[in-house]
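J.: Just dropping this structure here.
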Amino acid sequence: MSAFPCWTEIYPPARSFPATQAGPAWSVDQQFLGGRPAKVRDLFVDLADVATALRRRDDAVDAIEIHADVLRIGAPVSFTAQLVRIHVRRIEVGCGGVLQVEQPANAGECALEIVSDELVIENAASPWISFRGFAPQLPPDEMSRRVYLQCTRGTTGDALITLGTTDEVPPGDGLLGELQLLTAMRLRHRGAGAAPQVAELSLRIASWVNRSQTHAEGDSRLALESALLLERLRTLRPELHAVPSLRLERYSHLAERTANALRAIDDECTHLFDAVADIGLRNGDAEVVLGHYRNCAALSQNLLQEARRDEAAAAAACAASRRKLEAQKSKLEQARKTFQEGCDEKTRQLKLEAGVGIGGAVLAVVVGVLATVFGSANGPAAAAQGVQGAATAARQLSRLLQILNRIWDLVKAVRATLELLMTAQKVYEAVAKNLAGRQAITEASRLTSWSDPASGHDPVGVADWEALRVEVRAAFDEALKMEISGATELLAAIEVFIILSEEAVNTGVHQARCMQVRLQREWELQRDTTDAAAVEARRTMLGKRAEIDRATLMFYERIQDQLKLQLVRAIGNMRDAYRYCTLREPGFAPSLTDSGATLYALLASAEAELTQFLENSQRMSTWTPTAYRIWERRALDELTTERTLSWTISLHNYPRVERIRISEVHVWLVCSKPCYRNISILVSTPGIYKDRTPAGPIEFAAAPFSSTFQYNLLPPRSHGDARDHRGRSVHITLHGDDADKSRFEPTPFTTWRIHIPADLNHGLDLADVEEIGLEFRGTAAGIDAGETAGTAEASP
Amino acid sequence: MSGSVPATAVPERPALRVLLPAVVLDAALLAGASAGQAGRIVVRADTLRIAGRCLLPGATVDILARRIEFAPDSAIDVSGAAVAGFDAAARDPTRDGTAQHLDGHQGAGGPRGNDGGLIRICAREVVGTATLLANGSAGGRSQRGGDGFAHVNGQHARRDACPLAGDMPVPPGAVAGIVRMLMPGLDSYQRARYGGHAQAWLRFGTLGQGGRGGAPGRPGDGGSGGRIALRHATPLATTPILAASGGAAGQPGESGARGEPGADGTHVLLVNLGHGFEVHDIDMYWQYELQGELMSGLAQLRAAAASAAEIVAEPAEAGRTLPDAVSCTPASNDELASECPLDYLELIRAGASRDIARAKRSRGLARYEWLAELTRNATDQARQDLHAAATKAMAALASAAIALPATDG
């Protein structure tokens, strides 16, 4: 029994390539039965079927082309042709399977070209290619992506068989590439229950199409489409749940609208395919589809403009973040130098102490010994004095050892700190590289690197930052205990550097996402425009004919798939929004292979599920916890020196309420001296938010939040009366539009960064700040159980 | 060199050169392929694996490889193709005896066996039991002799009789002569009128023995043996099996069957006296006296029919075995190098480079070593460059091996 997968079951059926009872899809294609070269095109092709179909041809065939995603060679199959070209993603060779190529009797030359990405052989020991009787040994681990076996006539008239191998991938069939990408998208959206290897399969297919179409002679449109699909597939981070930027209700609304659009065209497409099967397609039908394509192109134009705006905002945030990071880097270097000097100073001091200690100890020991010797001669008192001196000397020696240990500790601390600096430096380089890599994707011409998995730059994760933070604090413990000059400053600088790095990475990731969306939109616009033109051209060519070719059929299927994909995405966004809203895993999973009716039913069930949740869950009510009052010296010092304060709210801070969502954050300064003036404050988060679910903590990735606001600083009052300050609040919005209430609301469980920009607050002496207030407003469930706000002392 | 084989004339069959890094000669794949029709096959490879009994009848096979591996029960067989002789028992009626020539004719000679081909193998290493065969094929079986003439009986003879007038030709198998009329009751006038000159012929077929069976043809001679030269740089682990002997002589066909003797039937006399005499049965007119020439002809025919001497078939010869037909000798690197064309050396270098790139370190190293050995004493610039490249690569690999252990086997 064959160990190979059943591909016909794995691949979702494509209606524009209908398989018939009589044989495989391509065998009924006139292009194959009468074409020169005879071209086979399908997702899965069994070579034996090709040979059978070839025998049905009336005339001899001199060239054969096989384009497939998977080619199965399960038995010896012989072709007599001048050129046999096989361009497939994967080749499966069963036991006894051999591809035999013979040269026609009257032909001077003969060639076999195989382009493939993956070779699986059941029996690796036996040859699987026979070229004029000779079998080049090509096991899977030595198989190149392109193999060219050639038999030519030499100058002497002798035939010469040679083998050329390269990793270059010449472009494959465009129509098959379209079909492969369609399949990859369908596999990706297959929904719940899909095997993990199927998810891997869509990545492999997209990568293969990209690799082949990025060739100089490839189809740039297919290359771009596959590159975008690849990027979407690669950036899936299942451990980090995405949060769509809108509220659940908005997605529900959008999904409903998309469903209506799909409903409109779904029936028509079904009718078209039925019509093709029954009476053939007519010009009028093409006109209808052309109208849909034009509508899609207009829609894509609007979406592109929106994506461009988002990207510009994200790019600005990213650039600002990088500038801050660069500035912090120089400060970090300065702090490192100060710390180094502090270390040197401390070392000198310890050496001096040690020298004095050793001298004293040696002297005491000598005196003690002498006193003992002479004391024994001069009497018991002297002897006792000598013993005491010796004991003192021993204590001093002990002290000396302690000092030496401290020196050793110091050395260790310095070393650990310097290593940390190197780690931070590496992190910075990773960040820069990451951002550079993300920037590079804007260059559509550089698509080659997309297909290479090694070139993917994984962003530094939340866990990495946390680990680094813990490591920094642990390493500086020793230095702080020893009171080395500059240690506190260096620690602060490193922490700020880490925070800024995290922010830079997250803004970079967000920018990359925006770029991705924008590229997607650009490509979609390009695709829709091109498709509309192509459909128009085809409609013109179609005339009054009833028969249409397969390429035209694909357009019909694609327009339906595009709309269906939009609906699937819309429901996918609903899933993300539902998860963020309810903190439960959604029970509805859309798939591109679902019919339109199934998707409408899914949409209805999603809304029902949400309604049911809202009815049964704890009531959401306004949440106004007590404000944080931050007066910790270290935090205030950081604010003074760096003009920045970072404050992390952990899940333990609000243990009794659930599903907290913030709509406003209030920040204010309390100064020791009267200061009546406008103050500008920047509040930001890195975009990673935590929350609790019944199954445990969960992390969400969303766009980083950043907003600057101004307020009038009022005279200090009692801490409990802080809410009386006017104009000190900022709404949580992602795009600066306070009136837009449709945007998502973050959780408080993240690192809040409060920055007092010097250029907006001229003359403000932050040394006068004796307290910072931080207050959240929003909604939460479980308020009835009572909740007290965290305080600075209770905060992490 | 002692084992060298002089270049033979290129046969009319097409020549085929193969230049591949690694190749398998598989008997099953070769069987139906056009490569089997090639008269001269030149294989230049890094590694070659022989699987099954590869039949290339009469071909010249010239192989150069770094490593040749013979799978169990595999062989390269360029023995002459077996010839198709005559069927031992098949009859050819045209060779049967006739009334004029009672004995069957000798059968046709058998075809000559095909000569064995030529195998030249130069390799650094031969793994497995090298089995190389270049025998001449056996001669073909000769044709069966024709059967002896079988007499027809008297009833059939009567059908030869017919009324005739005037002179008539003597039919086959008959003896013509004068018949003297001894019919009683005729007077002299009548004898003078009706006798006198009478012509008659006699057919004695019914009188004789059957013809002897014809001898079979001369069987075909055996084909001559070919040549085998196996040259190897490293000692062979197992003794090779090399055979290049002449083919055996062909088998003779069967002798023809003796013809059936004639039964004593009616003697037919045809008398033509010029006066409209009819045909008579000679027994009815026995008193007619056969004259001398008829009597002697009858005796002659009887004597011929009675001959029964055996006819002996002619024997064939076995094929020749060439002197020094088989040689298996060690070869120095220089001798092997002299066999290597430049494109082969380039192929080895490309393969080694690919191996290193694909982390197949051990094989890459082996290929570089082979290349270095083949180009060590090169005089032309291209080969010297290849030697330098191989030496440099080996040095780099050696230093890498010190730094890091090899990851592949």
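J.: Quick check: residue separation of A:Ser595 and A:Glu168 times 0.36 nm, minus the Cα distance between them. What number comes out in nm?
T.: Full extension of this stretch gives 149.8 nm more.
J.: Here's another thing I want to ask about it. Along the principal axes of its C-alpha atoms, what lengths does segment A:610-652 span, in descending order and rounded to whole Å?
T.: 52, 19, 18
J.: In 5 Å bins starting at zero, report the fraction of Cα pairs in segment A:65-158 per bin as a rounded %.
T.: Using 5 Å bins, I get a P(r) of 3, 13, 24, 27, 17, 8, 5, 2, 0 for segment A:65-158.
J.: Can you find, among B:Leu342, B:Ala359, B:Thr391, the residue sitting farthest towards the positive end of the charge dipole of segment B:340-403, where Lys and Arg contribute +1 and Asp and Glu -1 at Cβ?
T.: So the residue furthest toward the plus end is B:Ala359.
J.: From other protein chains only, count the Cβ atoms within 10 Å of every residue's Cβ in A:154-165, then give the mean.
T.: 5
J.: How many nm separate the modelled label positions at A:Lys673 and B:Thr379, each set 7 Å beyond the Cα in the direction of the Cβ?
T.: 9.9 nm
J.: So, by mean Cβ neighbours within 10 angstrom, what's the order for A:45-56, A:569-580 with the highest one leading?
T.: Top of the packing list down: A:569-580, A:45-56.
J.: Computed FRET efficiency, Cβ-Cβ of A:Thr648 and A:Gln301, R0 45 Å: what is it to the nearest 0.05?
T.: In this case the efficiency is close to 0.60.
J.: Highest mean first, what order results for A:760-766, A:624-630, A:141-147 on Cβ atoms within 10 Å?
T.: So the order, starting with the most tightly packed, is A:624-630, A:141-147, A:760-766.
J.: With each label point set 7 Å from Cα along the Cα-Cβ vector, what nm distance links A:Lys331 and B:Ala388?
T.: If labels sit at A:Lys331 and B:Ala388, their model points lie 5.9 nm apart.
J.: Amide H neighbours of B:Val18 under 5 Å, counting only residues 5+ apart in sequence or on other chains, H built in-plane at 1.01 Å?
T.: Under 5 Å from the amide H of B:Val18 lie the amide H atoms of A:Ile161, B:Val42, B:Val43, B:Arg44, each far enough along the sequence or on another chain.
J.: Can you list residues from other chains, or at least 5 along the same chain, whose modelled amide H is less than 5 Å from the amide H of A:Cys110?
T.: HN-HN under 5 Å from A:Cys110: A:Cys151.
J.: May I pose another question? Calculate, in nm to one decimal, what A:Ser680 and A:Asn123 gain on full extension: separation in residues at 0.36 nm each, minus their alpha carbon distance.
T.: Going from the current span to full extension adds 193.3 nm.
J.: Along the Cα→Cβ direction, 7 angstrom out, place labels at B:Ala237 and A:Thr338. What is the inter-label distance in nm?
T.: Going by the 7 Å Cα→Cβ label model, 7.4 nm.
J.: Can you give me the long-range amide H partners of A:Ser130? Hydrogens built in the peptide plane at 1.01 Å from N, cutoff under 5 Å, separation of 5 or more residues or another chain.
T.: The answer is A:Leu99, A:Gln100, A:Val101.
J.: Turning to a different aspect of this structure: Sort out for me the Cα centre separation of segment A:87-117 from segment A:615-680, rounded to whole Å.
T.: 70 Å
J.: Related question: Please compute the length gained on full extension between A:Glu632 and A:Ser220, using 0.36 nm multiplied by the number of residues separating them and subtracting their Cα-Cα distance.
T.: 142.5 nm
J.: How high is the FRET efficiency between B:Ala90 and B:Glu317 when r is their beta carbon distance and R₀ equals 25 Å, given to the nearest 0.05?
T.: Approximately 0.55, to the nearest 0.05.
J.: Report the dimensions of segment B:340-403 along its three principal axes from the alpha-carbon atoms, largest first, rounded to Å.
T.: 35, 18, 13
Throughout, read-outs are computed from the coordinates displayed, never taken from laboratory work. A quick note: this is a predicted structure, and the numbers were derived from the prediction, not measured. Methodologically, a virtual Cβ is constructed for each residue, glycine included, from the backbone with ideal geometry; neighbour enumeration extends over all protein chains shown.
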